[in-house]
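S.K.: Before anything else, here's the structure in question.
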Amino acid sequence: MPSKSIRHLTRLPLYLFLQPAIRPSTTITIIHHALRAPKPRYLSSSTPYHIRKSPTNNRHNGFTTEPPKHTSTRTKFTGSDAPPLSFWETYARPPLVPPDTVTPEACHTACKQYVSLALENLPNWQRRCPSLFTLQYVILVLMNSPGSTALAMHITHTLVSLDYAPAILSLAYLGFRSGQLESNIHLTQAKQGLERLSSLTPPNRSSSSSSTYRADALTLAGLIAASRQTPKDDTRALNLFTEASTAFTSSATAQWQWRASAVLAEGKIHARRSRPDLARAVYAAHARELDNADVLYAYAMLLERTDPARVPMLERAAVSACAGAAREMARVELERAEDAGLSKGERYVRRVLADEWLRIAGEKEAA
């Protein structure tokens, strides 16, 4: 077993945990090629929610399979690990849960049913899981709200064992960010699932649901290649990002939640190759449509300081709490404060603005 526990994954930023894209259906399709279910997580050490302060889609990515095999390992948690309805009413809201997807009541019910099934631990209990669409939102809320993430990770592993694409991509992403995707045995199913979803010649077994997540799968495969920072891997990453763009535009049902990550990685590759012109072109092609703070910041930093579009772009990124953009705006305001034509009061205002930007950047405490 690797030296790092899977629990280290929960320390990573989780805002890129993939949202399910397919609307609910009323039928259950079981996955025959799914690998055996992972061992349930031990959750007995987690604090009960009453002490803490702190879409229905059952089509599993279009594949038809049998459920994972039963595991005899005991699940060490209790019903108190399922948050009460008040928790879901507080946190199962936008932006974590977009309108017209799932309700707090649905999340509460699905979570309770899941905990009950896991505790009962009967053979093939995973095939009786409630809506995977709803459970993916349960994971999103648990991961991004006060409280333990252990239950969320347990659900994630179960959904991965059922070959549910959003869970596969989310866990593979967390493994990549932690540096454990290749080495941690508990991530084997996520790694294999990513390889299936990102195949440049996807199997013919699936319909539109496979293509729905293919752009994100290709993006993640590209990010993994780009992280190696070798000429060969950089070329592979660029090809994967191009294929992701093609997959996104060629399917009416496709989504691309990690598009900004692909754009940023592609720009960094061009910068490593001493081609800032190509990096600027990539950012320019996507900046307006994405309106992503990190893309705006990266684009602005490649513009000449005299470019009239630079400061407005930095300001848009800074107000979205992009730390780098906020630091640069502080520098801009301090530079402006040195303008010989300013009055003493105007200089003071500029320095106050610089302090505000530094506070947004997290480099200065509020007075």
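No value in this document is a laboratory result; all are computed from the given coordinates. Keep in mind it's a predicted model, so treat the numbers as computed, not measured. Neighbour counts are summed over all protein chains in view; Cβ atoms, including those assigned to glycine, are modelled from backbone coordinates with ideal geometry.
S.K.: I want to check the label-to-label distance for V349 and E182. Put each point 7 Å from Cα in the C-beta direction and report it in nm to one decimal.
M.R.: 5.5
S.K.: Can you grab the distance from the C-alpha centre of the stretch 122-168 to the C-alpha centre of the stretch 327-367, Å, no decimals?
M.R.: Comparing the Cα centres of the stretch 122-168 and the stretch 327-367, I get a distance of 46 Å.
S.K.: What FRET efficiency comes out for E289 versus S251 if R0 is 25 angstrom and r is the Cβ-Cβ distance? Round to the nearest 0.05. Please list the in-between numbers first.
M.R.: Details: r = 18 Å, r/R0 = 0.72.
According to the calculation, E is roughly 0.90.
S.K.: At 7 Å along Cα-to-Cβ for each site, give me the label-to-label distance between A340 and Q229 in nm.
M.R.: 4.3
S.K.: Suppose each label sits 7 Å from its Cα in the direction of the beta carbon; what would the T103-R273 distance come out to in nanometres?
M.R.: Using points 7 Å along Cα→Cβ, the separation is 5.2 nm.
S.K.: Let me ask you something else. Kindly identify the stretch 211-289 as rounded, prolate or oblate by the Cα gyration tensor criterion: order the square roots of the eigenvalues as a ≥ b ≥ c, call it rounded if a/c is under 1.5, otherwise compare a/b with b/c, prolate if a/b is larger, else oblate.
M.R.: Working: a/c = 2.44, a/b = 1.39, b/c = 1.76.
Note, shape of the stretch 211-289 comes out oblate.
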